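Remarks on the structure that follows.
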Amino acid sequence: MFPFRSLKKTPKPWVNTYSAPWLISAIFLVGINLRPALTSLGPVLPEVRSETGLNAWGASLLTTLPVLCLGLLAPPASRWGQHWGVERLLVGALLLLAVGTALRGMGGLYGLFVGTLMAGCAIGIAGTLLPGIVKRDFPRHAGPMTGLYTMALCLGGALAAGLTVPLAQGSGQSWERALSAWGLPALAAALLWLPLSRRTDRQQTGTARHRGLWRHPLAWQVTLYMGLQSSVAYMIFGWLPTILQSRGIPPLHAGFLLSASVMIQTLTALAGPSLAIRGRDQRATIMIMLALTTMGLAGVLYGSMMWAWLWITLLGLGMGGAFSIALVLIVLRAPNAEVAGDLSGMVQGIGYVLAALGPLILGLIPAYFGSWQWAGVPFGAALMGAAWAALGAGRNRHIHLDGPPATNS
């Protein structure tokens, strides 16, 4: 199923039949760790606000902060990877993620905000590096490997969303301990990457700065699609349990519904990229995924809660496919690993800064309008914008740049 043979034939001496399964496992475990810091807070956010006195602006900032860090750290991450080595930088990011996640349960509000900031920075670095690794080490299997990585993201997010409330209940109603517990998987991932970080060569995943990338229309279309569909995802990660509780769903059940939605994403996260690359282009597949997301959100916001599981299923199927295709577009639109690395930095940098606006705006709606009835406005705007960007990003084209890449001095 996965490309052990083709990986063995690559000219890089460090890649062999032993390191190929190890590398795939390491990539999967990184994916597992890139969502718990984002999905674990939502199910216990009402308790956090109640115990700490956090107001609407503070809660919105708390859900926005890690997404903003994802965007701000993505562009320099590719340059840092060239300087220190991609695998070494990834180990450092995972250690930072472990410390930041643990800190979220220590020191009250100060620790919560500082730990969230650290975790967001770590996720921004790690998430930027992985598409280049996939392009470098699995050039003929970008679809399946991107699907596997995205499935790991969904699994990690689902576990955090579904288990945080039970962890809190099992530790004496302590949301602090429940949030801190998610630092342990990040530490395990760092240990798994340590052998890979001992490479002595500096072969890169693609970190040279190519002239003209930021002026290329296709690069901006991919960036906007990533940012707008990610905005929908992070609004859901941060606020779906709170919205469900406002509609009469108990906190534990609301957390399980978010967990189920993220778990369902694994189906289209794994299948979406492979289906997308089989067609003439990716536009039709993207539109199907966005339509499923729209139907699921409409049901969650305005439909009967008797059909909650149907809305959650539609939402999960749409979101999983939309995000995984966004990731594979970075690989498909880049002609080589170098451009893929730079495009990943641009897409995740600008895209996540744009995505950060969604949770911030959504969190202020009940404070200014008294209920969640107007929540469909930011969701609808982001989905329509993502569909418009996908009409360009989904075309079967490459980003061809004039001139050699600029070197970092």
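Using only Cα atoms, figure out Rg for region 296-404 and give it as a multiple of 2.2 N^0.38 Å. It would help to have the intermediate numbers written out before the result.
Details: Rg = 17.5 Å, N = 109, 2.2 N^0.38 = 13.1 Å.
Normalised Cα radius of gyration, region 296-404: 1.33.
Could you give the radius of gyration (one decimal) and Dmax (whole number) of the Cα atoms in region 301-360, in Å?
Here Rg and the maximum Cα pair distance are 16.1, 50 Å.
Considering amide H positions built from the backbone, and no H for Pro or chain starts, which residues 5 or more places from Gly105, or on another chain, come under 5 Å of its amide H?
Ser180
Using the Karplus curve 6.51 cos²θ - 1.76 cosθ + 1.60 with θ = phi - 60°, what ³J(HN,Hα) values do you get for each residue of region 301-306, in whole Hz, with x for Gly and Pro?
After applying 6.51 cos²θ - 1.76 cosθ + 1.60, I find 7, 10, x, 6, 6, 5 Hz.
When the helix-only estimate is applied to the chain (DSSP H runs of n ≥ 4, each -39,500 (n - 2.57), divided by the residue count), what is the mean residue ellipticity at 222 nm, nearest 500 deg cm²/dmol?
Mean residue ellipticity, 222 nm, calculated: -26000 deg cm²/dmol.
Calculate the translational D of the chain in whole µm² s⁻¹ from Stokes-Einstein, where the hydrodynamic radius comes from the Kirkwood formula applied to all Cα pairs, the temperature is 20 °C and the viscosity 1.002 mPa s. Numbers along the way, then the final one.
Numbers: Rh = 20.9 Å.
This corresponds to a translational diffusion coefficient of 102 µm²/s.
Quickly work out the Leu310-to-Leu191 label distance, labels modelled 7 Å from Cα along the C-beta direction, and quote it in nm with one decimal.
Computed distance between label sites Leu191 and Leu310 equals 4.7 nm.
Can you tell me the length gained on complete extension of the stretch Val114 to Leu252, counting 0.36 nm per residue apart and subtracting the Cα distance?
On the way: separation 138, 0.36 × 138 = 49.68 nm, distance 2.67 nm.
Length difference between fully extended and current span is 47.0 nm.
Once phi is turned into θ = phi - 60°, what whole-Hz ³J(HN,Hα) does the Karplus curve with 6.51, -1.76 and 1.60 give for every residue of region 288-294, x standing for Gly and Pro?
Karplus values, whole Hz, x for Gly and Pro: 4, 5, 5, 5, 4, 4, 4.
Report the normalised scattering of region 150-309 as log10 I(q)/I(0) at q = 0.09, 0.10, 0.15 Å⁻¹, calculated by the Debye formula with identical scatterers on the alpha carbons.
Scattering profile of region 150-309, log10 relative to I(0): -0.45, -0.55, -1.06.
Using label points projected 7 Å from each Cα along Cα→Cβ, tell me how many nm separate Asp281 and Trp214, to one decimal.
With each label point 7 Å from Cα toward Cβ, the separation is 2.7 nm.
Where a number appears in this text, it was derived from the coordinates with a stated rule and is not lab data. Since we're looking at a predicted model, the values are computed, not measured. Neighbour counts are summed over all protein chains in view; Cβ atoms, including those assigned to glycine, are modelled from backbone coordinates with ideal geometry.
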